[in-house]
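Read the structure below first, then the notes.
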């Protein structure tokens with residue numbers, strides 16, 4: 001077999017990922033009927049988890065890493081699609097792996113670098129001898145799909161940075177999230193001691209982030225300077241990808257990317273195009289936002305002009321908030337005057353002593369958690385000279401099962417102790433027939449007061 005890609009640290013820490021269960025379900029339920037495509041941002045551990053799955057669940061596997069595969073391997077996917085016996089023979093010989101019918105897996109790693117291999121999935125799946133998993137970053141960007149027919153036999157699965165529970169596992173806590181889940185289901189507060197423990201873990205997750213390299217570095221060293229260096233390496237990769245793949249849009253994409261921290265630091269956090277260039281129009285910049293969203297570098301939250309049953313139907317794509325895909329990366333991106341975030345800033349963030357910009361970090365991590373839980377991001381913003389009409393709601397979530405009324409949960413995110421809920425109150429009154437369970441995410445424990453549900457920030461993934 002090919003050599004195992006290690007995502008272990010010096011202390012042999014192995015990162016457990018929830019997507020492994022989805023891979024198992026696909027293997028057992030689909031039995032080779034479709035290929036799986038693992039999509040996600042660069043450096044979130046796609047290749048690692050797929051190879052771990054291959055090692056554990058198959059008799060043999062071939063990993064074709066298109067970052068390193070020679071041109072002749074790429075050419076085989078053009079030359080031998082009508083002679084699959086030869087294709088498999090060549091692959092087996094080149095990678096020194098014996099393939100077993102219905103007991104072997106072929107991994108097409110970073111498949112966007114070889115579009116012909118992605119197009120070949122249609123024929124490989126129809127052949128039925130082996131299972132196939134593709135991994136990809138920047139998968140659907142136009143440059144990677146030109147000249148091919150995307151296979152209908154491909155089932156995409158989204159992968160994200162480590163979520164809060166996966167971070168807890170990595171740091172050796174297998175039980176805390178079970179308690180959080182139980183209290184959430186029973187509408188009970190955690191209690192002072194457990195709430196403090198959970199908030200400490202949440203703050204640590206927020207500043208370290210969910211990028212595997214940063215998490216492993218923290219677990220190994222407890223050194224925030226080392227953690228920041230790992231995150232800065234990822235940011236460098238993202239920036240290089242912009243100039244390697246965004247083509248004629250590269251300068252615009254880089255400009256949006258560079259302005260994310262300053263835009264999120266504003267009170268309303270909406271992205272103002274005037275910060276990029278005077279008189280900028282969204283139609284001239286929308287491709288840049290789409291590129292970053294498609295690359296999974298950012299999570300975009302759109303304004304829904306009517307917070308009713310059809311959030312997407314009322315989407316205003318010219319009014320948006322642009323969050324980083326990982327809040328740990330946002331910290332390194334934002335506080336970089338000297339090229340590295342000092343341990344002092346991390347310590348202040350950890351203990352809630354850095355008041356400047358904390359609101360943007362809290363809102364970003366909430367957006368990150370909601371996205372990882374499968375939610376599309378929407379907010380509601382209404383500018384008006386009339387005070388009763390003017391309101392800002394941070395997030396709108398639609399219920400899983402839509403009914404005729406009360407489908408939208410309005411959510412306000414609060415980073416401090418002292419705050420008002422005037423927008424939430426106005427929104428629930430103005431759109432009473434559409435609203436359900438108005439919610440405040442804050443740093444305190446659970447409570448229900450005056451019809452508003454107050455949840456601690458670490459319960460966000462359970463919404």
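The values are calculated or read from the model by the stated rules, or taken from the named source; none is laboratory data. Only a predicted model underlies this, so the values are computations on that prediction, with no experimental measurement involved. Glycine also receives a Cβ, built like all others from the backbone with ideal geometry; neighbour counts cover every protein chain displayed.
Which one is nearest to residue 137 (Cα to Cα) among residues in segment 48-91 that are in a strand (DSSP E or B) and in contact with a helix residue (DSSP H, G or I) (Cβ under 8 Å, 6 or more places away or on another chain)? Talk me through it step by step, then tell me what you get.
Taking segment 48-91 as the starting set, the residues that turn out to be in a strand (DSSP E or B) are 60-65.
Restricting the remaining residues to those that are in contact with a helix residue (DSSP H, G or I) (Cβ under 8 Å, 6 or more places away or on another chain) gives 61-65.
Details: 61: 21, 62: 20, 63: 16, 64: 15, 65: 13 Å.
That would be 65.
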State the number of residues belonging to segment 12-23 that are modelled with pLDDT of 95 or more and more than 17 Å from residue 158 (Cβ to Cβ). 1
Among (1) under 30 Å from residue 225 (Cα atoms); (2) surrounded by fewer than 17 Cβ atoms within 10 Å (Cβ to Cβ), where does residue 389 come up short? (1)
Considering each of 206, 177, 190 in turn, give the residue that is touching a strand residue (DSSP E or B) at 6+ places or on another chain (Cβ under 8 Å) and at pLDDT 95 or above. 190
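Applying the selection to segment 118-129, what residues are farther than 20 Å from residue 158 by Cα and surrounded by 22 or more Cβ atoms within 10 Å (Cβ to Cβ)? Break it down into steps so the answer makes sense when it comes.
Here is the first cut: in segment 118-129, the ones farther than 20 Å from residue 158 by Cα are 120, 122-129.
Once the filter is applied, which keeps residues that are farther than 20 Å from residue 158 by Cα and surrounded by 22 or more Cβ atoms within 10 Å (Cβ to Cβ), segment 118-129 yields 120, 124.
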Taking the criterion of being surrounded by fewer than 14 Cβ atoms within 10 Å (Cβ to Cβ) and within 24 Å of residue 183 (Cβ to Cβ), would at least one residue in segment 440-448 satisfy it? yes
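Does residue 138 qualify as being touching a helix residue (DSSP H, G or I) at 6+ places or on another chain (Cβ under 7 Å), assigned by TED's automatic domain parsing to the domain that holds residue 201, in contact (Cβ under 8 Å) with a residue 24 or more places away in the chain and buried (at least 18 other Cβ atoms within 10 Å of the Cβ)? Write out each step before concluding.
Values: touching a helix residue (DSSP H, G or I) at 6+ places or on another chain (Cβ under 7 Å): yes; assigned by TED's automatic domain parsing to the domain that holds residue 201: no; in contact (Cβ under 8 Å) with a residue 24 or more places away in the chain: yes; buried (at least 18 other Cβ atoms within 10 Å of the Cβ): yes.
For residue 138, the condition - touching a helix residue (DSSP H, G or I) at 6+ places or on another chain (Cβ under 7 Å), assigned by TED's automatic domain parsing to the domain that holds residue 201, in contact (Cβ under 8 Å) with a residue 24 or more places away in the chain and buried (at least 18 other Cβ atoms within 10 Å of the Cβ) - is not met.
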Of the residues in segment 445-463 that are touching a residue at least 40 places away in the same chain (Cβ under 8 Å) and assigned to a loop (DSSP other than H, G, I, E, B), the one that is nearest to the chain's Cα centre (by Cα) is 463
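Take residue 97 and decide whether it is touching a residue at least 12 places away in the same chain (Cβ under 8 Å), surrounded by fewer than 19 Cβ atoms within 10 Å (Cβ to Cβ), not assigned by TED's automatic domain parsing to the domain that holds residue 231 and not in a helix (DSSP H, G or I). Write out each step before concluding.
Values: touching a residue at least 12 places away in the same chain (Cβ under 8 Å): yes; surrounded by fewer than 19 Cβ atoms within 10 Å (Cβ to Cβ): yes; not assigned by TED's automatic domain parsing to the domain that holds residue 231: yes; not in a helix (DSSP H, G or I): yes.
Considered against the rule, which asks whether it is touching a residue at least 12 places away in the same chain (Cβ under 8 Å), surrounded by fewer than 19 Cβ atoms within 10 Å (Cβ to Cβ), not assigned by TED's automatic domain parsing to the domain that holds residue 231 and not in a helix (DSSP H, G or I), residue 97 comes out as yes.
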Number of the exception - residue 237 against (1) in contact with a helix residue (DSSP H, G or I) (Cβ under 8 Å, 6 or more places away or on another chain); (2) in contact (Cβ under 8 Å) with a residue 60 or more places away in the chain; (3) under 21 Å from residue 334 (Cβ atoms): (1)
Considering segment 424-443 alone, what residues qualify as being over 17 Å from residue 391 (Cα atoms), without any contact (Cβ under 8 Å) to a residue 40 or more places away in the chain and outside any strand (DSSP E or B)? 433, 436, 437
Single residue of segment 20-47 satisfying the filter (part of a helix (DSSP H, G or I) and either surrounded by 19 or more Cβ atoms within 10 Å (Cβ to Cβ) or at positive phi (or both)) that is nearest to the chain's Cα centre (by Cα): 46
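Could you check segment 121-147 and list, in sequence order, the residues that are in a loop (DSSP other than H, G, I, E, B), farther than 25 Å from residue 239 by Cβ and either modelled with pLDDT of 95 or more or touching a strand residue (DSSP E or B) at 6+ places or on another chain (Cβ under 7 Å) (or both)? Break it down stepwise before answering.
Residues of segment 121-147 that are in a loop (DSSP other than H, G, I, E, B), as a first pass: 128-130, 137-141, 146-147.
From the residues that got through so far, the ones that are farther than 25 Å from residue 239 by Cβ too are 128-130, 147.
Listed by number, the residues that qualify are 128, 129, 130.
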Subset of segment 288-340, residues crowded, with 19+ Cβ neighbours inside 10 Å, under 23 Å from the mean Cα position of the chain (by Cα) and part of a loop (DSSP other than H, G, I, E, B), comes to 295, 296, 297, 311, 325, 326, 335
Look at residue 230 and say whether it is within 19 Å of residue 326 (Cβ to Cβ), assigned by TED's automatic domain parsing to the domain that holds residue 304 and in a helix (DSSP H, G or I). yes
When you check residue 150 against the structure, is it over 27 Å from residue 359 (Cβ atoms), touching a helix residue (DSSP H, G or I) at 6+ places or on another chain (Cβ under 9 Å), outside the structural domain of residue 324 (by TED's automatic domain parsing) and assigned to a loop (DSSP other than H, G, I, E, B), yes or no? yes
Residue list for segment 225-241, restricted to those being under 17 Å from residue 350 (Cα atoms) and surrounded by fewer than 23 Cβ atoms within 10 Å (Cβ to Cβ): 225, 226
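A quick yes/no check of all residues on (1) at pLDDT below 95; (2) buried (at least 22 other Cβ atoms within 10 Å of the Cβ); (3) more than 17 Å from the chain's Cα centre (by Cα):
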{"residue": "358", "(1), (2), (3)": "yes, no, yes"}
{"residue": "374", "(1), (2), (3)": "yes, no, no"}
{"residue": "385", "(1), (2), (3)": "yes, no, yes"}
{"residue": "410", "(1), (2), (3)": "no, yes, yes"}
